[in-house]
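The values are calculated or read from the model by the stated rules, or taken from the named source; none is laboratory data. Only a predicted model underlies this, so the values are computations on that prediction, with no experimental measurement involved. Virtual Cβ from ideal backbone geometry, glycine too; neighbours counted across all protein chains shown.
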Amino acid sequence: MSVRVYNTLTRKKEEFVPLTPGHVRIYACGVTVYDLSHVGHARSAMVFDVIQRYFRFKGYRVTFVRNFTDVEDKIIRRANAEGVLAAELSERYVQAFREDMAAIGVAPADVEPKATEHIPEMVALIERLVTKGFAYTVDGDVYFEIRRFPPYGRLSGKNLDELLAGARVEVDERKRDPRDFALWKSSKPGEPAWPSPWGPGRPGWHIECSAMAMKYLGESFDIHGGGEDLIFPHHECEIAQSEADTGRPLARYWLHNGMVTFRAEKMSKSLGNILSIREFVKRHDPDAFRLFVLGTHYRHPIEWSEERVQESARAVERLTRLIHDVQTFWSGAGGDSTLPDELRTFRTRFVAALDDDFNTPQALGVLFELSHVLYEYAEHASVDAGARAAVIVGVQEMTNLMRVLGFLERGYEPSGAPPEIERLVQERGQARARHDWRHADQLRDEIQGRGFSVEDTPSGPRVTRRSA
């Protein structure tokens, strides 16, 4: 069965067909690095972590890009307030984000570009838009003229004539239309700046993702995603400037996750109602948060609840206790390694759930049903060799499926492993989950050939650098 996804652009579920057979290219908008990331950021990161994991599990080659916005008004204001360079501040929070993702078991993206490292690509894109008549200059600033792009509003469903200046669009009487958005901003005192044909300045927010996405994934790619708060204006503007330049669809499918809310308000730094990832992991098991997040369909909002996270922790403990018991008491017990017929249907149902627009609540339901059956086997395992063998092989199956959802990854310590090693380890885990042992062994050999060893543990793969 093929994967079906809900496309924000068409407002319906569609069969997923990659532009290049066997290769899925995904771009997910990352964080603006001016502060520690919160659980709202963690939800979006986990959603796309599961999506890219599942495509790999299905046997696709995946190129996953997640960016860092490291030049923006908030970064500049905070850097000035702290008396440090904007680049120093942003790099501090880039590293913090990576540490936080590792703490909650979110795998690194294949490419993690920073906006400031792609200024030439942005300038070139803006130049093309000016040349083609989609953008105009005013005193060193460059604006995109939205009336020159009639499809503007298609993604968000907004009518051009009803739009007011949206979020992050500064009202400026010099603009031809108050809804036109900035592609390039002329430099002001105390701000970082780069040279351009229009004078020193810095890029607007929206142009960053278009330039980086097209550099690493091409003019058209498969999936573009992020939180639903990015639909307008950010993704709407990305479509306009990218497609005005290329004449081709930027992305075929647009996927957006719902927000984490706190007392019916979106969790955000501006409202002061956030819980940082670092604070969360001090209080809760990261897998409990993953269960809390995946227990709601990714397109729906989640109301933050300490009580529900605690319930999730108890549910995770029930799954991991069974894994621990098998590892502790029956490791190497032998017996029939064939999955009993009663347990074969669970994988089929699990895959069917995720094929349906990544329905993680249903997939989790399958896992808990499987665990219930395994606990019944476990009651007789001490005296019944057949039951014991069923528990051992059944727990391995459950472990493999849990890892498709990103569970049991928090124990992974890269020990200085570069991103390409981490990606090989993740790909090996997906191959093991598919029971593709030959490919898994090939990946293990490649990891070893690059100077690292990988050990499979109950809490996930552990990577260590091999001694010379």
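Worth pointing out:
- Condition check for Val142: more than 19 Å from Glu228 (Cα to Cα), out of contact with any helix residue (DSSP H, G or I) (no Cβ under 7 Å at 6 or more places or on another chain) and either at pLDDT 95 or above or of a type in the set (Val, Ile, Thr) (or both): no
- Criterion violated by Ala167 - all others in (1) at pLDDT below 95; (2) out of contact with any His (no Cβ under 9 Å at 6 or more places or on another chain); (3) not charged (D, E, K, R) satisfied: (2)
- Long-range neighbours under 7 Å by Cβ, at least six apart or interchain, first residue farther than 10 Å from Val106 by Cα within the range 44-56, second among the acidic types (Asp, Glu) and part of a helix (DSSP H, G or I): Arg56/Glu427
- Filtered residues of the range 216-264 (kept if over 22 Å from Asp357 (Cβ atoms), crowded, with 22+ Cβ neighbours inside 10 Å and of a type in the set (S, T, N, Q)): Gln241, Ser242
- Considering residues of the range 315-354 that are basic (Lys, Arg) and at pLDDT 95 or above only, the residue nearest to Lys58 (Cα to Cα): Arg347
- Residue match in the range 32-41 (condition: over 18 Å from the mean Cα position of the chain (by Cα), closer than 22 Å to Arg98 by Cβ, of a type in the set (D, E, K, R) and in the same structural domain as His206 (by TED's automatic domain parsing)): yes
- Residue match in the range 142-157 (condition: of a type outside the set (Phe, Trp, Tyr), over 30 Å from Arg248 (Cα atoms) and in the same structural domain as Tyr54 (by TED's automatic domain parsing)): no
- Per-region count, the range 415-460, residues surrounded by 14 or more Cβ atoms within 10 Å (Cβ to Cβ), at pLDDT 75 or above and either aliphatic (A, V, I, L, M) or assigned to a strand (DSSP E or B) (or both): 10
- The sole residue among Val94, Val62, Val50 that is in the same structural domain as Ala182 (by TED's automatic domain parsing), modelled with pLDDT of 95 or more and not in a helix (DSSP H, G or I) is Val62.
- Selected residue (only one of Gly59, Gly83 is at positive phi and touching a residue at least 40 places away in the same chain (Cβ under 8 Å)): Gly59
- Filtered by the rule that a residue be in contact with a Ser or Thr (Cβ under 9 Å, 6 or more places away or on another chain) and of a type in the set (A, V, I, L, M), the range 5-62 gives Val17, Leu19, Val24, Ile26, Ala28, Val31, Val33, Leu36, Val39, Ala45, Val47, Val50.
- Test for Glu236: is it within 18 Å of Tyr143 (Cα to Cα) and without any contact (Cβ under 8 Å) to a residue 24 or more places away in the chain: no
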